[in-house]
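One structure is given below, represented as structure tokens, and several questions about it will come after.
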Amino acid sequence: MGLISFGKISKVHGLSGEVRFAPFSRQLDNISTLERIFIVQTPDSSPVELTITKSRVHKNTAVFKIQGIDSIEDAEKLVGKVIHVEMSDLQELGEDEYYWFDLIGLKAYTEEGQYIGEVKDLIDRSLQSLLVVKNGDKEHLIPLTEPIVKQVDLEHSKIIINPISGLLD
């Protein structure tokens, strides 16, 4: 089972047990294709598979109706839980498109070959996402935008950037 973290249930929506889902990226296109999700109730438990019976986009978030979750009380138990999906359930992406989980762990280098650090996280902003790159105690926030990020090489687990003046200071 190739589960990846995909988002978080943020709150209850309506009276019939629907929940709002905040994806870990701005891509809401995949939401309508998901038929199942997985939730880990406790760190020691196995993932529980839940069936999505209905999904839609509402105010830049997704709303799910999950089979067997039919009341506000049932839905409230899911709030704050991280949703996992099977990698094979995700849509194929186009050229130069990546899922966040693809980028976590990549090594970042300048075009001159200087090691900057490892991508530890991403921050989603309304205009652009930021790579959180750490090297020891140093942390750099690198805009995930074409003039700065020159190449994403998943095969060799690296990202090549052309830092603007002051970005790495």
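On the given criteria, is residue 40 hydrophobic (A, V, I, L, M, F, W, C) and either crowded, with 17+ Cβ neighbours inside 10 Å or touching a strand residue (DSSP E or B) at 6+ places or on another chain (Cβ under 6 Å) (or both)?
Criteria not met by residue 40.
Can you tell me which of (1) free of Cβ contacts under 8 Å to residues at least 24 places away in the same chain; (2) touching a helix residue (DSSP H, G or I) at 6+ places or on another chain (Cβ under 6 Å) is the one residue 130 doesn't meet?
Every listed condition holds for residue 130 apart from (2).
If you don't mind, another one. Give 42, 53 a once-over and let me know the one that is part of a strand (DSSP E or B) and of a type in the set (S, T, N, Q). Steps first, answer last, please.
Numbers: 42 fails: part of a strand (DSSP E or B).
It is 53.
Follow-up question, since we're still on this one. Could you look through segment 148-166, keep only residues that are in a strand (DSSP E or B) and in contact with a helix residue (DSSP H, G or I) (Cβ under 8 Å, 6 or more places away or on another chain), and pick out the one that is farthest from residue 93 (Cα to Cα)?
159
Taking segment 149-169, which residues are modelled with pLDDT of 90 or more and among the aliphatic types (A, V, I, L, M)?
149, 152, 159, 160, 161
Looking only at segment 99-121, filter to residues that are in contact (Cβ under 8 Å) with a residue 60 or more places away in the chain and touching a strand residue (DSSP E or B) at 6+ places or on another chain (Cβ under 7 Å); which one of those is nearest to residue 164 (Cα to Cα)? Show your work before the answer.
Initially, segment 99-121 is screened for residues in contact (Cβ under 8 Å) with a residue 60 or more places away in the chain, giving 99-101.
With the extra rule that they be touching a strand residue (DSSP E or B) at 6+ places or on another chain (Cβ under 7 Å), the set shrinks to 100-101.
On the way: 100: 23, 101: 25 Å.
Residue satisfying both the conditions and the ranking: 100.
The values are calculated or read from the model by the stated rules, or taken from the named source; none is laboratory data. From a predicted model like this one, the values you see are computed outputs, not experimental measurements. Note that each Cβ is placed from the backbone with ideal geometry, even for glycine, and that neighbours are counted across all protein chains shown.
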